[in-house]
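Scroll down for the structure; my scribbles are underneath it.
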Amino acid sequence: MARTIMHIDLDAFFVSVEQALNPELRGKPVVVGGKPDRRGVVASASYEARRFGLYAGMPLTTAYRLCPQAIFIEGSFSRYRDASQRFMTILADFSPYLEPVSLDEAYLDATGFESIHGSIHQMAVAIKQRIRNELWLCASIGIASCKVVAKVASELSKPDGLLEVAKGNERSFLAPLPIAKLPGVGKKTERILDGLGINTIGKLSIMSLGVLKSHFGASGEILHRFAKGIDDRKVEPPSAAKSISRETTFGEDTRDRSLLKATLRYLGERVGSELRQRGKQARCVTLKLRYADFTTITRSHTLSQASHTDQTIFDTGTKLLKRELTQGKQPVRLIGIGVSNLVEPGRQLDMLDTSAQRLEQLNRAIDRIRKKYGFTAIQTGRTLLLKDIFPPTDEGYTLHTPSLSR
Ligand code: TTP
Ligand code: MG
């Protein structure tokens, strides 16, 4: 489905907060970062100061040389934090699909919001107005069908800008721009691309993927997609959990490996199911054990490839468990398993592998049945063992702490 994404970024943020509080600073070259006799760099320069060539990251001494009449101020982080909070609160009034990226920058998914405001353009105007009226700050907004194009658009429209890239025009919009404008292209990437004769996003978009990958590895592919105006990343509200885990306390402390493994399988399936429901894959699997004396350990393993299958979660958990139990510890009181380092599923290279494909299909089929008939409608071989141990409840088995850890 076509999406409408906004990227909102405040203009000269730190400086503008100072100007909002002190009218004497308005309309003048102002620098936040410190006094020019100090070592340090410009954090934010007003647009009036930028006319003299000042920019963020420039040494203060250079800034002073270029623009001695500028007003240099130390700034106060707590003021910027407060302004940022108020900025995000305004945005949240417009859409719950809000992803703050930094203090003064956020993505907002506005898909389908036209009808509320008349048009997306009018919605953006209303956002800018509220920010101006309530915070005395200026925001620039880019609107496009994906994040990367929306971000480039807001940047290009600054200051006090509003730029909408119509669906279908993403690639032609980006093509003439210098490669440095593409998010993800830093100084180093720019230098390498320059050496290859690539100076515009358009040229980057028609480069051979093989050459790009040979220079930049996996990120070569992302750059290539971005250059073509393709970006599937979702707007992710920060409430989305960074990890998913399940744990349970045994009625009696145990050393029984079959029971430990069966429980691990069960908990791993719950984690896997939640992971797939969120459309995510995990890079890291963590085992948690609490022994009879309440000593608690966690052991993690990073996967070579992100996964969301029950089998991978279980296999990894089992390996960690085996390693831990060989050390002849005391009986186990609690066992838990979790996944973290969650990522959007990338292109599934391992899907070429038919066994991986079958596993994926099997997991999906199990999820569908469980969704319809409840989690315990399907028992995998190993978890059947638990039937006699945990009294089934409507949710399956009684879990001591079945909560999500965030
Ligand atoms: P930016 O949005 O990159 O810059 P800006 O808001 O000052 O200017 P623009 O109009 O181009 O958006 O960063 C937001 C704030 O983050 C900026 O006001 C100060 C702080 N910051 C630093 O402290 N150091 C830096 O190097 C940069 C780039 C920003
Ligand atoms: Mg900004």
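The values are calculated or read from the model by the stated rules, or taken from the named source; none is laboratory data. Remember, predicted model here, so these are calculated numbers, not experimental data. For neighbour counting, all protein chains shown are included, and Cβ atoms are generated from backbone atoms with ideal geometry for every residue, glycine included. Heads up: the accessible areas ignore ligands, DNA and RNA and are worked out on the full protein's heavy atoms, side chains in. Shrake-Rupley method; radii C 1.70, N 1.55, O 1.52, S 1.80 Å.
For segment 162-251, the relative contact order comes to 28 percent (Cα pairs under 8 Å, sequence separation of at least 6).
Equivalent ellipsoid of segment 1-153: semi-axes from √(5λ) of the C-alpha gyration tensor, largest first, are 32, 15, 13 Å. Cβ-Cβ distance of S115 and D293, R₀ of 56 Å, FRET efficiency by 1/(1 + (r/R0)^6): the value works out to about 0.35.
If you model segment 189-250 as an ellipsoid using its alpha carbon gyration tensor, with each semi-axis the square root of five times an eigenvalue, the axes come out at 37, 14, 10 Å, biggest first. Beyond 14 Å, what share of the Cα-Cα pairs of segment 61-113 remains, rounded to the nearest whole percent? The calculated P(r) of segment 61-113 puts 64 percent of pairs beyond 14 Å. When only Cα pairs below 8 angstrom with a gap of at least 6 residues are kept, segment 1-81 shows a relative contact order of 31 percent. Calculated on the alpha-carbon coordinates, the convex hull of the chain measures out at 200 cubic angstrom per residue. When each of the peptides 207-213, 21-27, 43-49 is scored by the mean number of other C-beta atoms lying within 10 Å of its residues, the order from highest to lowest reads 43-49, 207-213, 21-27. Calculated accessible area for the chain comes out at 50 Å² per residue, all protein chains present (probe 1.4 Å; ligands, DNA, RNA ignored). With one equal scatterer per alpha carbon and no solvent term, the Debye-computed log10 I(q)/I(0) for segment 97-167 at 0.19, 0.20, 0.21 1/Å reads -0.76, -0.85, -0.94. Entry note, the chain: the mean residue ellipticity at 222 nm calculated from DSSP H runs of n ≥ 4, each adding -39500 (n - 2.57), is -12000 deg cm²/dmol after division by the residues and rounding to the nearest 500.
Please label the shape of segment 104-249 as rounded, prolate or oblate, based on the square roots a ≥ b ≥ c of the eigenvalues of the alpha-carbon gyration tensor (a/c under 1.5 means rounded; beyond that, a/b larger than b/c means prolate, else oblate). Oblate shape, in that a/c is at least 1.5 and b/c is the bigger or equal ratio.
H7 exposes around 0 Å² of accessible area when a 1.4 Å probe is run over every protein chain in place. Using a Förster radius of 56 Å, what is the FRET efficiency between D315 and E24 based on their Cβ-Cβ separation? Nearest 0.05, please. About 0.30, to the nearest 0.05. Over the chain, Cα pairs under 8 Å with separation of 6+ residues give a relative contact order of 13 percent. Seen against the Cα atoms of the chain and their longest principal axis, helix 310-325 is set at about 70 degrees.
Angle, helix 120-135 long axis vs. longest principal axis of the chain, Cα atoms, 0 to 90°, nearest 10? With both axes taken from Cα atoms, the answer is about 80 degrees. At 1.4 Å probe size, with the rest of the protein present, what percent of the exposed accessible area of the chain is carbon and sulfur atoms? That share works out to 53 percent. Of interest is the spacing of the C-alpha centroids, which for segment 61-123 and segment 310-325 amounts to 45 Å.
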